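Inspection log for the structure reproduced underneath, given as structure tokens.
The values are calculated or read from the model by the stated rules, or taken from the named source; none is laboratory data. Quick caveat: nothing in here was measured; it's all calculated off a predicted structure. Note that each Cβ is placed from the backbone with ideal geometry, even for glycine, and that neighbours are counted across all protein chains shown. Side chains are part of the model used for accessible areas, which takes the heavy atoms of the whole protein and leaves out ligands, DNA and RNA. Shrake-Rupley method; radii C 1.70, N 1.55, O 1.52, S 1.80 Å.
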Amino acid sequence: MNTINIIGLGSSDIDSMPLGIWREIKSSRNLYLRTEDHPVTAVLKEEGLKWQSFDDIYESSGTFEETYEEICSRLIRAVESSDVDYAVPGHPLFYETTTELLLARAAEEGFRVDIKGGGSFIDAVVTAAGVPVNDGFQLLDATTLELRDLSHRKHTIITQVYDQFSLSDVKLTLLDYYPAEMDVKIITAAGGSDEMVYEVPLHETDHLHVASNLMALFIPASSLEAQDVKSVHHMMNIFDTLVGEDGCPWDKKQTHESLQKYLLEEAYEVIEAIEQGDDDAIVEELGDILLQVALHSAIGSKRGHFDFMDVLGGMTEKVIRRHPHVFSDAVVEDMEDLNEVWQKAKKAEGKKDKIKYEKEYGEKVLGWMKETIHHQKTLSEQVEEKEDTNETG
């Protein structure tokens with residue numbers, strides 16, 4: 001069984017490469033480079049080494065997924081006849097998709113994979129950016145970056161930014177979370193003689209004309225009140241404090257029963273805001289509904305029964321279960337199909353039929369509610385007027 005030796009070229013130039021790795025490369029009889037775009041390549045040429053690179057695949061493939069699949073296919077064909085040395089930038093196990101693909105296919109395709117190490121770019125980037133690692137940090141991939149990955153409480157290093165376009169994509173995601181004027185650092189060729197560190201406001205990151213497959217973006221940890229108030233965990237802490245021993249006298253004495261009327265009141269206020277077409281009021285009143293959910297959850301947590309995460313998790317799981325036509329393989333052609341899918345999902349949950357008191361309340365009370373809003377009269381006034389009309393009639 002032949003072997004693909006995956007060798008890490010490190011994150012910068014030849015001076016940073018471990019001696020053992022350099023010896024592996026110099027002694028190779030069947031060397032492949034994922035890309036020649038690396039500082040070490042010039043020295044390999046000076047030493048007269050021969051290799052094959054896969055840069056042509058980058059030029060011909062439409063996506064990175066296609067590129068990496070084709071690279072692996074070529075390597076697998078090559079290893080059928082002899083051992084292969086395959087050199088990649090950085091460390092083979094740090095954000096190297098081809099390593100993952102080769103490891104996954106090795107047993108099935110009948111070859112071995114041996115990881116030869118190589119310097120990781122992380123140490124070099126941490127040093128160049130001055131990251132205080134004792135405070136904790138997270139490492140993210142620009143190609144899969146999502147808003148939910150971000151945390152302003154952690155130092156953040158983002159990899160796989162390699163040109164102005166990738167920086168622009170990352171910037172747009174970051175601007176949905178961080179202030180535009182927040183200073184960030186862009187590091188290229190960390191640890192090498194060509195190392196550069198640019199400190200710029202976040203909104204200007206893609207204004208720099210830099211392109212390098214040895215580039216990273218660093219965002220320092222910060223205290224952002226605007227983000228804290230949007231955090232579920234921060235909200236839970238607030239309400240746990242309110243009902244706790246040192247909390248608010250009113251909140252501490254509330255129970256699920258004592259809060260019932262407030263849930264109805266807040267629901268009516270949402271309806272009023274909707275009827276008036278007031279988006280700002282809708283936001284505020286939906287917040288008051290969430291306040292009720294958070295307060296009930298804090299009371300449940302205080303009693304050791306349940307907390308907000310139980311409510312959130314149960315709701316999310318329920319929505320997914322009841323939408324198999326969206327999140328699974330159920331097929332829906334019309335509303336009749338949709339109702340059948342819905343009923344099957346509820347039956348699978350073990351739901352028992354019960355009298356739907358709230359259905360009648362919703363249909364009748366909603367009508368009264370809209371009348372009071374549009375006539376700008378209270379329900380009591382509406383009832384009194386109707387009674388007077390009946391009496392005089």
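The alpha-carbon atoms of segment 106-208 define a convex hull whose volume equals 151 cubic angstrom per residue. Treat segment 309-393 as a sphere of radius equal to its Kirkwood radius over Cα pairs and apply Stokes-Einstein at 4 °C in a medium of 1.567 mPa s; give the translational diffusion coefficient in µm²/s, rounded to a whole number. Translational D for this selection: 77 µm²/s.
Report note on the peptides 150-161, 219-230, 27-38: ranked by the mean count of other C-beta atoms within 10 Å, highest first, their order is 150-161, 27-38, 219-230.
When each of the peptides 102-108, 9-15 is scored by the mean number of other C-beta atoms lying within 10 Å of its residues, the order from highest to lowest reads 9-15, 102-108.
When the solvent-accessible area of the chain is split by element, carbon and sulfur atoms take up 51 percent of it, the probe being 1.4 Å.
What fraction, in whole percent, of alpha-carbon pairs in the chain exceed 40 Å separation? Tail of the P(r) past 40 Å holds 44 percent of the pairs.
Please identify, among K354, K302, K171, the residue showing maximal mean-square fluctuation in a Gaussian network model of the chain using a 10 angstrom Cα cutoff. Per the Cα network of the chain with a 10 Å cutoff, K354 tops the list. Could you identify which residue out of V79, V184, V326 has the top mean-square fluctuation in a GNM of the chain using Cα springs shorter than 10 Å? Of V79, V184, V326, the most mobile in the Gaussian network model is V326. May I ask for log10 I(q)/I(0) of segment 228-348 at q = 0.10, 0.18 Å⁻¹, from a Debye sum over the Cα atoms as equal point scatterers with solvent left out? Cα-only, vacuum Debye calculation for segment 228-348: -0.46, -1.03.
If you take the alpha carbon atoms of segment 262-322 and fit the smallest convex hull around them, that volume is 99 Å³ per residue. If the segment from D55 to D194 were pulled out straight at 0.36 nm per residue, it would be longer than the present Cα-Cα gap by 47.8 nm. Restriction of the chymotrypsin sites (Phe, Trp or Tyr not before Pro) in segment 254-353 to DSSP coil positions whose beta-carbon has at most 16 other beta-carbons within 10 angstrom yields F306. When the convex hull of its Cα atoms is viewed from all sides, segment 48-93 shows a mean projected area of 4.3 nm². Among beta bridges identified by DSSP and lying wholly in segment 1-153, the antiparallel ones come to about 5 percent. Taking a quarter of the surface of the Cα convex hull of segment 186-295 gives a mean projected area of 12.0 nm². Beta bridges from DSSP with both residues in the chain: antiparallel share about 40 percent, rounded to the nearest 5.
Projecting the Cα atoms of V210, V243, S28 onto the dipole axis of the chain, where Lys and Arg carry +1 and Asp and Glu carry -1 at the beta carbon, places S28 farthest toward the positive end.
Separation of the alpha carbons by more than 22 angstrom is noted, of K252/K359; K116/K185; K230/K370; K318/K344; K261/K352, for K252/K359; K116/K185; K230/K370; K261/K352. Over the chain, dividing the summed -39,500 (n - 2.57) contributions of all DSSP H runs of at least 4 residues by the number of residues returns a 222 nm mean residue ellipticity of -15000 deg cm²/dmol. Which of E358, E257, E204 moves most in a GNM of the chain, Cα contacts under 10 Å? Fluctuation is largest for E358.
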